[in-house]
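Working notes, beginning with the structure itself.
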Amino acid sequence: MSTDFTGVRMDVVELDRIAVQEASRIVESARGEDGDWERETPCAGWNLRRLVTHMTAQHHGFAAAARGVGGDPEYWQEQEVTGEPAHAHRAAADAVLGAFAEPGVLDREFVLPELGGGFPGRTAISFHFVDYVVHAWDVAATLGMRLHLADEVLTAALAVARRVPTNPAGRGPAFAFAPALKITAGAGPLEETLRLLGREPRAWTGTGV
């Protein structure tokens, strides 16, 4: 089975599952006793605790959208976690993967308030997929770890990232992504994806980009 936007022989639900599982693996490597949750991340102004809280809320919001109640803002609210954020994140990741695995999910309408309305399930899940490739990298960069995603997955993420509008009026602190950065010569699919979505990968070491 191939997606309708990448040509990769893997469906978007499976691509998303791979990205979410990799993000969870990296999040679960963080250690409070080492001060990891207070580390600065590539998301300007957010430490790792704040970033993982955001990721957790987005999982719950997308799970709600998959089940037809994404228009309720309660599902998208970020909840303060006083303990280890990895536990709450894993529960939310399991919830969204379960919702996306339901029969007929690709044909449903997902209401995504932050993106302005309703989207076909296949398109909405592609948004979640590329977001979690990028957030997996954000956490890996914060912790100085390598991201383990196959070339096929990274190529699919790039295909989605290239479809995200780059109009500066829709980028910045109030929006989902920072302004796009210039694509450097010889950039691989992960680096190009990160730059298209406002990340500067070469400012962070140890991630293999």
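In table form, for the structure just shown:
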{"read-out": "Share of carbon and sulfur in the accessible heavy-atom surface of the chain [1.4 Å probe, %]", "value": "51"}
{"read-out": "Residue-normalised accessible area of the chain, given per residue in Å² at a 1.4 Å probe", "value": "47"}
{"read-out": "Binned Cα-Cα distances of the stretch 102-166, short to long, each 10 Å bin given as a whole percent", "value": "19, 43, 31, 8"}
{"read-out": "Packing-based ranking, highest mean first, of 138-145, 64-71 given that Cβ atoms within 10 Å are counted", "value": "138-145, 64-71"}
{"read-out": "FRET efficiency estimate (nearest 0.05) - Cβ-Cβ, Arg25 to Thr184, R0 35 angstrom", "value": "0.80"}
{"read-out": "Helix-derived mean residue ellipticity, 222 nm - over the chain, DSSP H n ≥ 4, -39500 (n - 2.57), to 500", "value": "-14500 deg cm²/dmol"}
{"read-out": "Quarter of the Cα convex hull surface for the chain, i.e. its orientation-mean projected area (nm²)", "value": "10.9"}
{"read-out": "Under the Karplus curve 6.51 cos²θ - 1.76 cosθ + 1.60, θ = phi - 60°, whole-Hz ³J(HN,Hα) for the stretch 177-187, x wherever Gly or Pro sits", "value": "10, 6, x, 5, 9, 4, 7, 7, 4, x, 5"}
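The values are calculated or read from the model by the stated rules, or taken from the named source; none is laboratory data. Just so we're clear, the structure is a prediction, and the values are computed from it rather than from any experiment. Every residue, glycine as well, gets a Cβ built from its backbone with ideal geometry; the counts of neighbours run over all protein chains shown. For accessibility, only protein heavy atoms count, side chains too; no ligands or nucleic acids. Shrake-Rupley method; radii C 1.70, N 1.55, O 1.52, S 1.80 Å.
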